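The values are calculated or read from the model by the stated rules, or taken from the named source; none is laboratory data. Note that the coordinates shown come from a computational prediction; the quantities given were computed from them, not determined experimentally. Cβ sites come from the backbone with ideal geometry, for glycine too, and all protein chains shown count toward neighbours. Areas reflect the complete protein model, heavy atoms only, side chains present, ligands, DNA and RNA absent. Shrake-Rupley method; radii C 1.70, N 1.55, O 1.52, S 1.80 Å.
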Amino acid sequence: MFCWLSRLCRGLSTPTRRTTQLIWSSASRSLVLSSQRKIPELSSFVARTNTCGELRSSHLGQEVTLCGWIQFRRQNIFLVLRDFHGLVQVVIPQDESAASVKKILCEAPMESVVQVSGTVISRPPGQKNPVFSLSKKMPTGEIEIKVKTAKLLNSCKKLPFEIKDFIKKTEALRLQYRYLDLRSVQMQYNLRLRSQMVMKMREYLCNLHGFVDVETPTLFKRTPGGAKEFVIPSREPGKFYSLPQSPQQFKQLLMVGGLDRYFQVARCYRDEGSRPDRQPEFTQIVDISDMFRNTEVGFLQDALSKPQGTVKAICIRKGAKYLKRKDIESIRKFAADHFNEEVLPIFLKTNENWNSPVAKFIMEEQGSGLVKLLETQEEDVVLLTAGEHKRACSLMGKLRLECADLLEARGVVLRDPALFSFLWVVDFPLFLPKEENPQELESAHHPFTAPHPSDIHLLYTEPHKVRSQHYDLVLNGNEIGGGSIRIHNSELQHYVLATVLKEDVKLLSHLLQALDYGAPPHGGIALGLDRLMCLVTGAPSIRDVIAFPKSFRGHDLMSNAPDSIPPEELKPYHIQVSWPTDAETEKSSSNHPCRSES
């Protein structure tokens, strides 16, 4: 280990780029092989010679020492030992000379940690568990360990639940005993795959495209607009830090500093309600780059193609997905002439007999023309909805998903979970009316997003009509990332903040000043790592791909955080807690979107 570190340091200190790469390559091979061989410098600390999942027929006759949890015991003759690398069967000795060994292995509770030493032997004929067994998939199924000595390293008390994936457990119980839930096969798979994907992303960005990994501060200052931020008290009276909801400003400041290809795996914090795809603290892959090329074609394809599945990438503009644009415009014109409202179509190839009054009217009045336009056949069904554009789109989106669920429930395969299909969504509005005051505007993405070059003239007359250079990346129907081209002109940024959004520009004086010092045009994107892993693993919630997540209410059920602090410990921060009344507490509880932890 120390030898490897010294070689790495020598390689990094070498000015020649080629030499550095060779040292890295050699060091990487050494790191990979270190788990498969004994390291001389650390041999006195190693408690095992092999892992439970690596022994095969090629190891027959070898003397080995294994450590692991007791997963299963059968008739006090066989014992299955488990570690993070797999399972192996152990034969408990039955002769009187080994009574002490039998006592340890037969009396130790399930999930106790034991160390066994013995010989690798072949399983008797007819008792081999094939390598590709569909029921157990046990790669060590051809061998077993004939134990000579055993040691109980730590006994296990009665567990709150069995460490088995098929045992149903409430999410609250899993989060309360997260350290036990992490032993499950599924959680082990999720977290190890997450680690592999992050490593592939780092290799792609750093080694192939010259990105620089830079850590940005966690303690920062309040950012106007966007999601609510967590605040952290300081020892200066009345002054607080804020936890960044995204390293938004740092991305721009690094660009001003000349780090045009920066990225980091960043922790982000938002004080908002949790959902299956969202929680108070999460992880983003943040970068400044040529977003469309690096993110879709290279970065994610490289990360996703090998762990599982294949990648199909497409890029279209925001609008209808299933018909050609000229067809959509024809239908909209027809709808405007007849209903004075916009109509959006869904085209389904199904035998279900669904009828719509609008569709029926159109089919009766303009049936032949519409059938020809949509290239429909006799058993096809066309559904249309009329009304305000946003509501119509929302309705059609929900209807498409519901139809897909119904058809798949009947055995029609529509969505292949092993196929990764990407979609870029662009041409968002730059500003939206505030819900509480529609006469005022707020940023649709964030206040640093640049307006579309063709719409800059509207910024000073009709800002609500300005399109933004904001883009979202969608994977299999789920948003996994978003970003934008940033405003790099100080005067334009000042105008957007002060005049359009009516924000206090003093909060961003450092950014405005930085933009005055030769800031080049720049943009970035942030990918939600937790949500991405949720899609790749097929997990129902992002909490299944995070080692220590929060509950729906933002609580850590394992440590009972957040917790109260004694008044004397609050004094250095000049904070005094004002406790709510019973009525306020009851109202807050009733209005909370997720009152139950499970």
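Across segment 408-445, the number of residues qualifying as touching a strand residue (DSSP E or B) at 6+ places or on another chain (Cβ under 6 Å) and in a loop (DSSP other than H, G, I, E, B) comes to 7. Candidates are the residues of segment 412-433 that are open to solvent by 60 Å² or more (accessible area, probe 1.4 Å) and more than 27 Å from the chain's Cα centre (by Cα); the one that is modelled with the lowest pLDDT is VAL412. Screening LEU191, LEU182, LEU208 for residues that are farther than 28 Å from PHE448 by Cβ, open to solvent by 40 Å² or more (accessible area, probe 1.4 Å) and at pLDDT 90 or above leaves exactly one candidate, LEU191. Summed over segment 248-262, the residues that are touching a residue at least 24 places away in the same chain (Cβ under 8 Å) and either open to solvent by 40 Å² or more (accessible area, probe 1.4 Å) or farther than 11 Å from VAL214 by Cα (or both) give a count of 9.
For segment 51-68, how many residues are within 19 Å of GLN127 (Cβ to Cβ), part of a loop (DSSP other than H, G, I, E, B) and open to solvent by 30 Å² or more (accessible area, probe 1.4 Å)? Matching residues across segment 51-68 total 3. Checking the conditions here, which among VAL474, VAL505 is of a type in the set (Val, Ile, Thr) and at pLDDT below 90? None of the others qualify; the one that does is VAL474. Among the residues examined, PRO224 does not qualify as closer than 30 Å to THR499 by Cα, under 23 Å from the mean Cα position of the chain (by Cα), surrounded by fewer than 18 Cβ atoms within 10 Å (Cβ to Cβ) and not aromatic (Phe, Trp, Tyr). Of all residues in segment 454-472, those satisfying the criterion of being under 33 Å from the mean Cα position of the chain (by Cα) and farther than 19 Å from THR499 by Cβ are GLN469, HIS470, TYR471, ASP472. Looking across segment 434-486, the residues that are more than 30 Å from ALA418 (Cα to Cα), open to solvent by less than 20 Å² (accessible area, probe 1.4 Å) and not polar (S, T, N, Q) come down to PRO447, PHE448, ALA450, PRO451, ASP455, LEU459, VAL466, ARG486. Looking at segment 464-471, can you tell me whether even one residue there is in contact with a helix residue (DSSP H, G or I) (Cβ under 6 Å, 6 or more places away or on another chain), of a type in the set (Val, Ile, Thr) and modelled with pLDDT of 90 or more? Within segment 464-471, one or more residues are in contact with a helix residue (DSSP H, G or I) (Cβ under 6 Å, 6 or more places away or on another chain), of a type in the set (Val, Ile, Thr) and modelled with pLDDT of 90 or more.
Against the conditions (1) in a strand (DSSP E or B); (2) farther than 24 Å from LEU527 by Cβ, ASP405 satisfies every one except (1).
Take the conditions (1) over 27 Å from the mean Cα position of the chain (by Cα); (2) open to solvent by 30 Å² or more (accessible area, probe 1.4 Å); GLU408 misses just one of them, which is (1). The condition of being modelled with pLDDT under 90, over 23 Å from TYR517 (Cα atoms) and open to solvent by 30 Å² or more (accessible area, probe 1.4 Å) holds for ARG278.
Taken over segment 186-234, residues that are in a helix (DSSP H, G or I) and either basic (Lys, Arg) or touching a strand residue (DSSP E or B) at 6+ places or on another chain (Cβ under 9 Å) (or both) amount to 8. All of ALA526, ALA514 fail the test of being modelled with pLDDT of 90 or more, crowded, with 16+ Cβ neighbours inside 10 Å and either out of contact with any Lys or Arg (no Cβ under 7 Å at 6 or more places or on another chain) or not charged (D, E, K, R) (or both), apart from ALA514. Filtering segment 254-275 to residues that are modelled with pLDDT of 85 or more and either in contact with a Ser or Thr (Cβ under 9 Å, 6 or more places away or on another chain) or assigned to a strand (DSSP E or B) (or both) leaves LEU254, ARG261, TYR262, PHE263, GLN264, VAL265, ALA266, ARG267, CYS268, TYR269, ARG270. Could you please let me know if VAL64 is at pLDDT 95 or above, among the aliphatic types (A, V, I, L, M) and touching a helix residue (DSSP H, G or I) at 6+ places or on another chain (Cβ under 8 Å)? No; evaluated as a whole, the condition is false for this residue. When residues in segment 554-570 are screened for being assigned to a loop (DSSP other than H, G, I, E, B) and under 16 Å from ARG270 (Cα atoms), 3 of them pass. Among residues of segment 191-211 that are of a type in the set (Phe, Trp, Tyr), those with a beta-carbon under 6 Å from a residue that is open to solvent by less than 80 Å² (accessible area, probe 1.4 Å) and not in a helix (DSSP H, G or I) at least six positions away or on a different chain give the pairs PHE211/ARG261; PHE211/PHE263. Filtered by the rule that a residue be acidic (Asp, Glu) and open to solvent by less than 40 Å² (accessible area, probe 1.4 Å), segment 74-120 gives ASP83, GLU111.
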